[in-house]
1. Rg to Rh for region 95-164: what is it, with Cα atoms only and Rh by Kirkwood?
2. Tell me the trypsin sites (Lys or Arg not before Pro) within region 104-189 that lie in a loop according to DSSP and have at most 14 other beta-carbon atoms within 10 Å.
3. Hey, in the GNM for the chain with a 10 angstrom Cα cutoff, which one of Asp184, Asp236, Asp196 fluctuates hardest?
4. Once amide H atoms are built 1.01 Å from N in the peptide plane, which residues 5 or more positions from Thr84, or in another chain, come under 5 Å H to H?
5. Suppose every K and R has +1 on its Cβ and every D and E has -1 on its Cβ; what is the size of the dipole of the chain about the Cα centre, in Debye to the nearest 20?
6. What base-10 log of the normalised intensity I(q)/I(0) is obtained for region 14-100 from the Debye formula, alpha carbons as equal point scatterers, at q = 0.15, 0.16, 0.20, 0.26 Å⁻¹?
7. Write down the percent of antiparallel bridges among all DSSP beta bridges whose residues are both part of the chain, to the nearest 5.
8. Would you mind getting me the FRET efficiency between Arg12 and Ser235? Use the beta-carbon distance for r and R0 = 35 Å, nearest 0.05.
Amino acid sequence: MPLFDLQRVTQRFGDVAALAETSLSIYPGERVALVGSSGAGKSTLLRLLNGTLLPSQGEVWALGHPLGRLSSRQRRRVQRQIGTIYQQFHLVEPLRVVHNVNAGHLGRWPLWKAVLSLVYPLERDRAIAALHRVGIPEKLDARTENLSGGQQQRVAIARVLVQNPLVILADEPVSSLDPERSRDVMALLRELVVEDGKTLVVSLHTVELARQFCDRIIGLRQGRIVFDAPTAAISDAMLTQLYALEDEG
């Protein structure tokens, strides 16, 4: 049974179709890379998968549920099992790292517990364990704004580890990092999802990272899937054509 199933999905913003007539399935344990130029539809596809966007046409199934037919409350229950790492990290920089990591609990904590934790951080052991896995346990009480970009991205990953979802979506998670740190973060993501038996769907601008760290690559152009194949089957010619077509468009 697929974790995600898109059935002839179209997503419009005004007169622009960001995604058009798209059908695909993603299965447990896969590491899937979405590649294509800016505006190809990668971020839109991820937002459809995590239910923050509902399609203009077609149907999105996530974890066995049709997202468009669920109530807001039912959809939030599904979303608790889908962790998302964003390009801009979405951290509250003036807060200490422990608070940003603990944000991974917010989907299941009652309001009183979330407020209390801002005064006296709760479940510090879980936060430390998550930070240890991403290599920065000593930053637990540091102000987030004092961390480097690579360290902030690791905090965002630790937040998802605390959430403990079935699947991790990552929207250009290394776009603001230099090449060496980009490889480090992608290696960390792959290691974590393999160790925990999770699924990873990640959008990337760098094809080399997609080939190195993912086992399936989906190429998008102007909101349509150009190819969808195991990484070993993706040729240089296919990638050259994908980006050449983007340039012509």
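1. Values: Rg = 11.0 Å, Rh = 11.7 Å.
Over the Cα atoms of region 95-164, Rg/Rh equals 0.94.
2. Values: sites: Arg108, Lys113, Arg124, Arg126, Arg133, Lys139, Arg143, Arg154, Arg159, Arg181, Arg183; in loops: Arg108.
Filter output for region 104-189: Arg108.
3. In the Gaussian network model the winner is Asp236.
4. Leu169
5. Details: 29 positive and 26 negative charges, 235 e Å.
Here the chain has a charge dipole of around 1120 debye.
6. Each listed q maps to, in turn, -0.71, -0.79, -1.11, -1.44.
7. Values: 21 of 39 bridges.
Of those bridges, close to 55 percent are antiparallel.
8. Numbers: r = 33 Å, r/R0 = 0.93.
Computed FRET efficiency for Arg12 and Ser235: 0.60.
Bear in mind that the values in this text are calculations on the coordinates, not laboratory data. Remember, it's a predicted structure, so these values are computed and weren't measured experimentally. Backbone-built Cβ (ideal geometry, glycine too); neighbour counts: all protein chains shown.
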